[in-house]
Structure formats: structure tokens, C-alpha cells
Amino acid sequence: MTLAVVYGRAGVGVDAPLVTIEVHLANGLPSMSIVGLPETAVKESRDRVRSAIVNSGFEFPTRRITINLAPADLPKEGGRFDLPIAVGILAASGQIPRTALPVWEFAGELALSGELRPVQGCLPVAVQARHAGRNLAVPAANAPEAALVHPGHSYGVGHLLDLSGHLAGRSELPPAQATPTEAVCSLPDLADVRGQAGARRALEIAAAGGHSLLLSGPPGTGKSMLAERLPGILPPMSDTESLETAAVLSLTRTGFDAGDWGRRPFRAPHHSASHVALTGGGGRPRPGEISLAHNGVLFLDELPEFGRQALEVLREPLETGQVSISRAAAQVVFPARFQLVTAMNPCPCGYHGDPVHACRCTPDQIDRYRGRISGPLLDRIDMQVEVARLRPAELHEAPPGEASATVRARVCQARDRRLALSGTCCAALESDAVEAGCGLGRDESRFLIQAMERLGLSARAYHRLLRVARTIADLANADRVTVQHLGEALGYRRLTGGSSADGCSLTS
């Protein structure tokens, strides 16, 4: 029999659909053709596979070789099909046995010497191989990440000869091992921040409820310093969250490091980043910054300096937790459930309202500067906090603040309480669920109605206010939301010193 069937995986976003590689040897002039919608890198595998087989000491068949990548309507990209194609040729020509192939999947790029090079998107492949109940052979460099989700059945291969010996029973490949580490201790500590009790409190509330946060203040007041310490007080990631995050990171050129398993990502793109860099895209769609921050923190420093289009693309992912990239050939959906933290100065010179430096900006310049951030985007930011300048005496005499470990313990307690009651954090609660979870009485309802009327809050802002208040109540271990909780949450809704738009912008 001159037909061999081998299994591999394509890459479509964070999914890895099954691809059946059929290799047939027929009589005729020696040739090798690949069908099944291969792109350029897959077509070029003909030369890589031929050289790898010959240089590994095998005989390359001098026959007509037809390779079909099924399903035919699914685009096949990258060098990941080199290894399954080579295995199929060796099996079809009788140089390795076919009997073991049905329980294996293969992915890897071949060097001309027969060595294997790492490929992108190995972790989604391992997830699907586990679901299918098959063993997985990948390059040795990809083996640790594959072993994270498919332990005992993932094998790292350094050379084509090693794999052929294992399949033929002449030698044995050991299962790949992964030793993930949780490196929370290496994160910046909140104890480094002196003073700024209000901003620290807001950071704790944002961490407990998963809320988005805007920090505004003069240069050098600690806005970026606070934002960088948010990952250190966030609750530990669940196995599901770790897997989702690792799957996205494995699609990047640098790949996923198994040592980062369980570490929440912190992404801080420069304000010159384009909207494509934030959302993802390209001819072969790749995840952008908002997807690389999935289950972590996306920090946008100097928020008004970002392009208007770059900021506006954040609006839908903030609501849906995913981003859809449409191309003529296909549509790819990447997860994008991130916690947005932003920082900005109150005006172009940075010193509007500062007690030490005089502001040089005109009112029109301030309005134009703040007008770069649209009302609908600000309306989606749960908390807006002013980070004021500390007096020299306060900065010098202030004792070190609470350590991240202490704050994190309170955050975890509040988050666990909400997960036990609602199954999700406060920021992700549906509108009806947050209203029911607050348990507002007559006084609380009257207070809330008056606040909405006086401040002109939108319906979205109303529910986001309730979510923040519910988080504050969880931190206080309270069963219902009180006027005190609502008042504190309302104080985080608006900043002083600016214009107003739909009750969500900076207020005068």
C-alpha cells in the first residue's frame, strides 16, 4: 500500500482545527505536489522535506508524490506541516510503520539537516490533541508549553531520526516535562508607593472587582508607578485563565514561556501604537495588545496622546471581551478580556490645578486636549481618580505603604466572596444581576436617583456605578450596598477640573 494518513493541525486564531495529511505514491515521473489550499510557506516545504529526509539517511521516493491537506477549503499556513508531511512520505514508502500513526499528531518545521525548529501556536495544538486523545510530537523547543496542557502525551523531538526511531520501536522518546512557576514575588511591590492613600484605595477596589481605571494628575505623582503594581495585587489566575492567556501568547513570534504560566500579563504599548497594533490584524491575523493582555492589565500611559482611532477601537472589546478581525478569506476572533488602566495629565503642560507649578495652557487648549478622549470611551471607564502632588514633608515623612501581599489578601477575599455568590467578578456582572446583588433599600435608591439627575449619568454609567459599589461592599464583607458604598463609588465616577459630556467626562 502506497497511501499514508497523518494528522496535524492548522492555526485559525486561538483555535487549531484538524488537518488530515494524505500522502500517496504513484508510478510516473518523479514529482511532488501539495494540494489543499497551501500558502507559500507550505508549498516551499517540498524542498525542506526532501533535503531533511535525504540528510537523515532515508531514501526519498523517486515516484510521483501527491500530498493532500484536508479539508481542502481551510487555508494552511506556516512551516508546521513539514513534520507530518515527512512522516507521511516515510510511512507511504515503507521506511517507518503505519500502524502507530492513527494515535499521533505532528507539528514542526524541518531544517535541511533534519533537525526541528519551533513553530507558533503550539499550545492550541496541544489542547486539541488532548481533546482528541492522541499523542503529540512537536519540536523540542515547543515541548514544555505542550506538556503544560497535554502532560504524558507530548513529546519533544530534536531530529527526524529521533521520531522515526520512536515510531519504529528502535528507541524511545521521553514525554516532555513542564515546570511552570508562579513568579508573583518578582512583581513591583505596592509598599514602594508613599502616600497617595486615595489612589491606593482605588487600585485595591479596581483589583477586587476587575474595574477599569483612569489616573489623572501632574507629572511625577506616581500614576505609572501605581499602575505597574496592579498585577501584584490581582488574584491568582485559574487554570482556565492561564490556558486562555498562554494560548494567545503562543501565537506571537516570541512564543510562550512555560515559566510564565499563571502570571497575569501586563501590556503597556507606546502612545504611538496604531489601532491595528492594539486590536491585531495583518494578512495572517495575529493578536494585538488587547488580546495579549487577556486576563491581565492593559496600561495606556499618556492616554490623550494616543490616536483617536486607536482609542475608539477599545470600546467594543471593553463590552464584549473579544475582538473580531474580518478578512476576505476568513474571520478570526481573539479573546480580549483585559483590565484597562489609563493615565493622563490634566492639560498639555501637565500642571493644571497643581499647587506648585503654574499652568501655561489656555482654556481652549485644555478643552482640546481632553476632547481627544471621547465621551463614550470615558463612560466605559469605571473609576476616575485624581493623583495629586504630595508636599515635600508628606513625601519625606510618610511611612512605607502596605505591601502588595497584604492588599492582595483582601482582594482575594473579596473576589472569592463574589465568585461564590455570582460566579464572576463585579465588573463582569450583568445589569439585572448587579441590581439584584446590591439589594438597594429606599434610602439607597433615592440617593442614586438624585445622583443620576444631578450629574446626568447615562444608563451605562448607572450600572457601572452599582458594580463599583458592590465591590466596595464586598471588600467590607457587607451583604448589601449602603449609601456609604454608593457615595464612595460616585466619588470615583468623576474628576475635578474639566468639561462634561453625558456625565462621563472630566467635570468642572
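The values are calculated or read from the model by the stated rules, or taken from the named source; none is laboratory data. Keep in mind the model is a prediction, meaning the values are calculated, not measured. With ideal geometry, Cβ positions are generated from the backbone for all residues, glycine too; neighbour counts draw on all protein chains shown. When the accessible area is computed, the model is the full protein with side chains, heavy atoms only, and any ligands, DNA or RNA have been set aside. Shrake-Rupley method; radii C 1.70, N 1.55, O 1.52, S 1.80 Å.
Scanning segment 186-229 for residues that are among the small types (Gly, Ala, Ser), assigned to a loop (DSSP other than H, G, I, E, B) and under 19 Å from the mean Cα position of the chain (by Cα) yields GLY210, SER212.
Say we look at segment 203-227 and pick out the residues that are surrounded by fewer than 20 Cβ atoms within 10 Å (Cβ to Cβ) and of a type outside the set (S, T, N, Q); which of these is nearest to MET383 (Cα to Cα)? Outline the logic, then answer.
Within segment 203-227, the first condition is being surrounded by fewer than 20 Cβ atoms within 10 Å (Cβ to Cβ), and the residues that meet it are 219-220, 224-225.
Those left that are additionally of a type outside the set (S, T, N, Q): 219-220, 225.
Values: PRO219: 20, GLY220: 21, MET225: 17 Å.
It comes out as MET225.
When segment 365-411 is filtered for residues that are of a type in the set (A, V, I, L, M, F, W, C) and either touching a helix residue (DSSP H, G or I) at 6+ places or on another chain (Cβ under 8 Å) or open to solvent by 80 Å² or more (accessible area, probe 1.4 Å) (or both), the ones remaining, listed by number, are ILE373, LEU377, MET383, VAL385, VAL387, LEU395, ALA403, VAL407, VAL411.
Restricting the search to segment 95-113, which residues are under 34 Å from the mean Cα position of the chain (by Cα) and open to solvent by less than 40 Å² (accessible area, probe 1.4 Å)? Hits for segment 95-113 are TRP104, GLU105, PHE106, ALA107, GLY108, LEU110, ALA111.
Being open to solvent by 30 Å² or more (accessible area, probe 1.4 Å), in contact with a helix residue (DSSP H, G or I) (Cβ under 9 Å, 6 or more places away or on another chain), modelled with pLDDT under 95 and of a type outside the set (D, E, K, R) is a description that applies to LEU243.
Scan segment 259-278 residue by residue and report those that are closer than 30 Å to GLN177 by Cα and crowded, with 18+ Cβ neighbours inside 10 Å. First the steps, then the outcome.
Restricting attention to segment 259-278, the residues satisfying the condition of being closer than 30 Å to GLN177 by Cα are 259-267.
Matches in segment 259-278: ASP260, TRP261, GLY262, ARG263, ARG264, PRO265, PHE266, ARG267.
For segment 191-219: of the residues being of a type in the set (A, V, I, L, M, F, W, C) and farther than 30 Å from ARG460 by Cβ, which is modelled with the highest pLDDT? Give the steps one after another, and end with the answer.
Of the residues in segment 191-219, the ones of a type in the set (A, V, I, L, M, F, W, C) are 191, 193, 197, 199, 202-203, 205-208, 213-215.
Retained after the next criterion (residues that are farther than 30 Å from ARG460 by Cβ): 191, 193.
Numbers: ALA191: 90, VAL193: 87.
The extreme case among them is ALA191.
Would you mind listing the strands (runs of 3 or more DSSP E) fully within segment 39-140 where at least 1 residues are of a type outside the set (Phe, Trp, Tyr) and either more than 19 Å from GLY165 (Cα to Cα) or modelled with pLDDT under 95 (or both)?
On the way: elements: 64-70, 104-106, 135-139.
Because the criterion is at least 1 residues that are of a type outside the set (Phe, Trp, Tyr) and either more than 19 Å from GLY165 (Cα to Cα) or modelled with pLDDT under 95 (or both), the strands (runs of 3 or more DSSP E) in segment 39-140 that meet it are 64-70.
How many residues does segment 1-38 contain that are in contact with a His (Cβ under 9 Å, 6 or more places away or on another chain) and assigned to a strand (DSSP E or B)? If you could, list the steps in order and put the result at the bottom.
Keep residues of segment 1-38 that are in contact with a His (Cβ under 9 Å, 6 or more places away or on another chain), which gives 2-4.
Now narrow it down to the ones that are assigned to a strand (DSSP E or B): 3-4.
Matching residues across segment 1-38 total 2.
The residues on offer are ALA92, ALA41, and the sole one that is closer than 18 Å to GLN120 by Cα and open to solvent by less than 50 Å² (accessible area, probe 1.4 Å) is ALA41.
Check whether at least one residue in segment 374-381 is hydroxyl-bearing (Ser, Thr, Tyr), out of contact with any Cys (no Cβ under 8 Å at 6 or more places or on another chain) and within 30 Å of THR240 (Cβ to Cβ), and report yes or no. Lay out the reasoning, then the answer.
Going residue by residue through segment 374-381, those that are hydroxyl-bearing (Ser, Thr, Tyr) are 374.
Next, only the ones that are out of contact with any Cys (no Cβ under 8 Å at 6 or more places or on another chain) stay: 374.
Next, only the ones that are within 30 Å of THR240 (Cβ to Cβ) stay: none.
The answer is no; no qualifying residue exists.
State the number of residues belonging to segment 255-277 that are at positive phi and aliphatic (A, V, I, L, M).
Kept after step one, since they are at positive phi, are these residues of segment 255-277: 255, 262.
After this cut, where a residue has to be aliphatic (A, V, I, L, M) as well, the list is none.
Within segment 255-277, residues that are at positive phi and aliphatic (A, V, I, L, M) number 0.
Quick check on GLU172: is it open to solvent by 10 Å² or more (accessible area, probe 1.4 Å), in contact with a His (Cβ under 9 Å, 6 or more places away or on another chain) and either at pLDDT 90 or above or among the acidic types (Asp, Glu) (or both)? Break it down stepwise before answering.
Numbers: open to solvent by 10 Å² or more (accessible area, probe 1.4 Å): yes; in contact with a His (Cβ under 9 Å, 6 or more places away or on another chain): yes; either at pLDDT 90 or above or among the acidic types (Asp, Glu) (or both): yes.
Considered against the rule, which asks whether it is open to solvent by 10 Å² or more (accessible area, probe 1.4 Å), in contact with a His (Cβ under 9 Å, 6 or more places away or on another chain) and either at pLDDT 90 or above or among the acidic types (Asp, Glu) (or both), GLU172 comes out as yes.
Considering only residues in segment 470-508 that are part of a loop (DSSP other than H, G, I, E, B), polar (S, T, N, Q) and over 20 Å from SER431 (Cα atoms), the one that is modelled with the highest pLDDT turns out to be ASN477. Any residue at all in segment 320-328 that's crowded, with 21+ Cβ neighbours inside 10 Å and touching a strand residue (DSSP E or B) at 6+ places or on another chain (Cβ under 6 Å)? Yes. Scanning segment 476-494 for residues that are within 32 Å of the chain's Cα centre (by Cα) and open to solvent by 40 Å² or more (accessible area, probe 1.4 Å) turns up ALA476, ASN477, GLU488, GLY491, ARG494.
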